[in-house]
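Only one structure is covered here, and it is reproduced in the block below.
The values are calculated or read from the model by the stated rules, or taken from the named source; none is laboratory data. All figures in this text were calculated on a predicted structure; none of them were measured in a lab. As a convention, Cβ positions derive from the backbone with ideal geometry for all residues, glycine included, and neighbour counts pool all protein chains shown.
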Amino acid sequence: MTRPELAVIVATLLAESVTSGRVELDRIGELLGASAVSADEIDAILEALEGAGRVVDAPHASALADLGKVLAAVRALKREGETAPDVAAIAARCEIEPTRVRAALLVGRVMGR
């Protein structure tokens, strides 16, 4: 982990999941909060968790529902010339909270693995 704040998030998730061995995507999104996180950093977080033997749990229905909106917003923003739309732009387009955008993006990452 190159960013110390992301290492702290991974350490927190590992500590919280000692007993269950499971980490919910929504919890990852909560801890990321308003942080600007790249796709590579999300992958690194997921790899660190899985490498430590944790299972990343399937998302709640809301994150799955948001995924379609988020992907449509990303595509529209790219058509409009934004090469890498950020969470704030996606959230504004979808009219949902940034934490929900992050959760949906995490869902997409996990589903794409």
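List of remarks:
- Test: residue in the range 43-54 that is touching a Pro at 6+ places or on another chain (Cβ under 9 Å) and not basic (Lys, Arg): no
- Exactly one residue out of Leu31, Leu49, Leu6 is among the aliphatic types (A, V, I, L, M), part of a helix (DSSP H, G or I) and over 21 Å from Asp86 (Cα atoms), and it is Leu49.
- Some residue of the range 72-84 being surrounded by fewer than 19 Cβ atoms within 10 Å (Cβ to Cβ), modelled with pLDDT of 80 or more and under 17 Å from Ser35 (Cα atoms): yes
- In the range 85-98, the residues that are hydrophobic (A, V, I, L, M, F, W, C) and surrounded by 13 or more Cβ atoms within 10 Å (Cβ to Cβ): Val87, Ala89, Ile90, Ala91, Ala92, Cys94, Ile96
- The residues of the range 1-28 that are free of Cβ contacts under 8 Å to residues at least 24 places away in the same chain and of a type in the set (Lys, Arg) amount to a single one, Arg27.
- Residues of the range 85-103 that are under 15 Å from Ser35 (Cα atoms), modelled with pLDDT of 85 or more and in contact with a Leu (Cβ under 9 Å, 6 or more places away or on another chain): Pro85, Val87, Ala89, Ile90.
- Matching residues, the range 9-18, being assigned to a helix (DSSP H, G or I) and exposed (fewer than 12 other Cβ atoms within 10 Å of the Cβ): Ala15
- Val101, sole failed condition from (1) exposed (fewer than 15 other Cβ atoms within 10 Å of the Cβ); (2) in contact (Cβ under 8 Å) with a residue 24 or more places away in the chain; (3) within 20 Å of Arg3 (Cβ to Cβ); (4) not acidic (Asp, Glu): (1)
- For the range 70-110, the set of residues classified as among the small types (Gly, Ala, Ser) and not in a helix (DSSP H, G or I) consists of Gly81, Ala84, listed by residue number.
- Options Gly81, Gly53; residue that is at positive phi and either outside the structural domain of Thr99 (by TED's automatic domain parsing) or hydroxyl-bearing (Ser, Thr, Tyr) (or both): Gly53
- Scope the range 1-40; condition of a type in the set (Asp, Glu) and modelled with pLDDT under 85; matching residues: Asp26, Glu30, Asp40
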